[in-house]
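Scroll down for the structure; my scribbles are underneath it.
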Amino acid sequence: MTSTELRPDLAPAAWRGAVGWEQRDDAVRVWRLLPDRIDRAFAPDLVEKAREAAGVRADVVTAADTLHLDLELGIEIDRPTRVDVLVDDELAHRVDVEIGRSRLDLPLPAGEHRVQVWLPQVGRTWLRSVALDGAAEPAPAASTSWVAYGSSITQCSAAAGPSQTWPAIVARTLGWDLTCLGFGGQCHLDPLAAHTIEALPADVISLCLGINVQGGATLSGRTFAPLVADLLDRVRDSHPDATVVVVSPITSPPREQTPNEVGLTLQAMRDILADVVAGTDDDRLHLVDGPSVIGPDDAHLLPDDLHPDETGYRLMGERLAAVLGRLHEPVRA
C-alpha cells in the first residue's frame with residue numbers, strides 16, 4: 001500500500017493558511033508572520049501567537065483509509081487543544097490533544113474524498129508526521145484568497161474546534177482560501193503584521209481593529225487614526241484590486257462607555273474607524289459595524305463580557321459569511 005507523508009516541509013502544496021514554517025530536529029511548526037522579518041517584531045507575545053496554528057490545515061484529495069498524526073504540544077494552556085478532521089467538509093473526527101507527544105490513527109471512509117486536517121488554533125503544535133495510507137493530491141485551490149487580521153476574537157480560542165472559528169466558518173461557507181492573522185491580545189497595528197499582509201496574495205482582506213488597542217491603551221486618539229489610515233494605504237498599495245473590509249469591535253458591555261487609561265471608550269474606537277474609512281476615496285473599502293455582528297442582544301454569548309463562546313463564534317461566522325460574501329460579490333461579478 002502506498003503511504004503518503006504530508007508533513008509541510010515534505011509536501012508544502014498540501015497545506016493552506018501558513019505564512020512559513022520552522023524546523024526543529026524532525027518536527028516542524030508554523031509561522032503566521034513573515035519568518036525572515038520576525039527579529040523586527042520586538043513584541044515577544046506577538047511572536048508567540050504567530051507560532052500558533054489558527055486557520056492552518058492540510059487539504060488533500062485521497063482514497064486512503066487511515067490518517068496517521070504524530071503531534072507534540074509544547075505548552076499547557078487553559079482550554080482544550082483540538083484537531084479537526086473534515087471529510088468532504090463534514091466533521092469526521094474532533095480529537096483533544098494532550099500536552100506532550102500524541103500519535104493518532106484515524107479511520108477514513110472508503111472511496112475518494114477531500115480530507116482536511118485543521119491544526120489547533122491555540123497552543124504550540126509541532127508536527128512530526130501527517131501521513132495517509134494511500135496516495136493523495138493537494139485539493140484544488142480556491143478562487144478567492146482571504147487574509148483575516150485581528151485579535152483573540154479572530155483567533156477564536158474558545159471555538160468548538162479549529163474548523164469552527166468564525167474565519168473558518170466564513171471560508172468554508174464561501175469556498176475561500178483563508179490565512180488567519182488573528183493574534184490573541186496582539187492586534188496593535190504592528191508593522192510586521194502590515195508587512196505580512198502586504199506580502200500575502202489576497203482577493204479579500206478583513207481587518208478587525210480596535211479591541212486590543214482600547215483594552216491595552218497602546219494607542220491614543222492622537223495616534224490610532226493615522227496608523228489605521230497608514231495600514232489601509234499600505235494594504236491598498238499592495239493589493240490594488242482587493243476587497244478590503246474594516247470590522248469595528250463587537251459589543252463588550254464594560255468597555256462601551258468606560259474610558260481606558262488614555263481616554264478612549266470602545267464606542268470611540270468605532271467612531272474613529274468610521275471616520276478613517278469615510279475619509280478614504282476607495283469604493284472597494286468597506287466598514288462593518290461590530291455590534292451588527294455581535295451586539296447588545298447577544299451579550300449573553302460573551303461569558304467574560306469580551307470573547308464569544310462556541311455559539312457566539314458560530315453566529316459570527318454565519319453573519320460575517322453573509323456580509324463578506326455580499327461585499328466581495330461586485331468584484332467577482
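The values are calculated or read from the model by the stated rules, or taken from the named source; none is laboratory data. The structure displayed is predicted, hence computed values, not measured ones. With ideal geometry, Cβ positions are generated from the backbone for all residues, glycine too; neighbour counts draw on all protein chains shown. Just the protein is used for accessible areas: all its heavy atoms, side chains included, with ligands, DNA and RNA removed. Shrake-Rupley method; radii C 1.70, N 1.55, O 1.52, S 1.80 Å.
Ranked by accessible surface with a 1.4 Å probe, highest first, in what order do Ser3, Ser248 come?
Working: Ser3 85, Ser248 5 Å².
Greatest to least solvent exposure: Ser3, Ser248.
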Summing -39500 (n - 2.57) over every DSSP H run of at least 4 residues in the chain and dividing by its residue count gives a helix-only mean residue ellipticity at 222 nm, to the nearest 500 deg cm²/dmol, of -8000 deg cm²/dmol
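Could you check how many percent of all C-alpha pairs in the chain are farther apart than 28 Å?
Values: 21632 of 55278 pairs.
It works out to 39 percent of all Cα pairs.
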Phi-derived 3J(HN,Hα) across the range 186-198 with the Karplus relation (6.51, -1.76, 1.60, θ = phi - 60°), rounded Hz, x for Gly and Pro, is 10, 8, 10, 6, 4, x, 5, 5, 5, 4, 5, 4, 4
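Size of the dipole of the range 1-112 about the Cα centre, Lys and Arg at +1 and Asp and Glu at -1 on the beta carbon, nothing else charged, in debye to 20?
Working: 15 positive and 24 negative charges, 81 e Å.
That gives the range 1-112 a dipole magnitude of about 380 debye.
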Working note, the range 238-280: Cα radius of gyration (Å, one decimal) and Dmax (Å, whole number) are 13.2, 39
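How large is the charge dipole for the range 253-319, taken about the Cα centre, if only the Cβ atoms of Lys, Arg (+1) and Asp, Glu (-1) carry charge, to the nearest 20 debye?
40
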Rounded to the nearest 5, the percent of antiparallel DSSP beta bridges in the chain equals 70
Long-range amide H partners of Thr144, meaning residues 5 or more apart or on another chain whose placed amide H is closer than 5 Å, are Asp177
The answer for the range 114-208, accessible area per residue at 1.4 Å probe in Å², is 24
Under the Karplus relation with 6.51, -1.76 and 1.60 and θ = phi - 60°, whole-Hz ³J(HN,Hα) for the range 56-64, x at Gly and Pro, equal 8, 8, 7, 9, 9, 10, 7, 10, 4
Square roots of five times the C-alpha gyration tensor eigenvalues of the range 169-232, ordered largest first and given in whole Å, equal 24, 14, 10
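Could you give the length gained on full extension between Asp96 and Glu22, defined as 0.36 nm per residue of separation minus the Cα-Cα distance, in nm?
Working: separation 74, 0.36 × 74 = 26.64 nm, distance 2.38 nm.
Between Asp96 and Glu22, full extension yields 24.3 nm more.
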With label points set 7 Å from each Cα along the Cα-to-Cβ direction at Asp282 and Arg37, the distance between them in nm comes to 1.6
Residues meeting the amide H criterion for His93 (H placed from the backbone, H to H distance under 5 Å, 5 or more places apart or on another chain) are Val85
Treating only Lys and Arg (+1) and Asp and Glu (-1) as charged, each at its beta carbon, one finds that the range 51-166 has a dipole about its Cα centre, in Debye to the nearest 20, of 400
Under 5 Å from the placed amide H of Ser3, counting only residues 5+ away or on other chains, we find Gly134
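May I ask for the net charge around Pro107, where only other residues with Cβ less than 12 Å from the Cβ of Pro107 are counted and Lys, Arg are +1 while Asp, Glu are -1?
Working: positive: none; negative: Asp65, Asp105, Asp133.
Around Pro107, the surrounding residues sum to -3.
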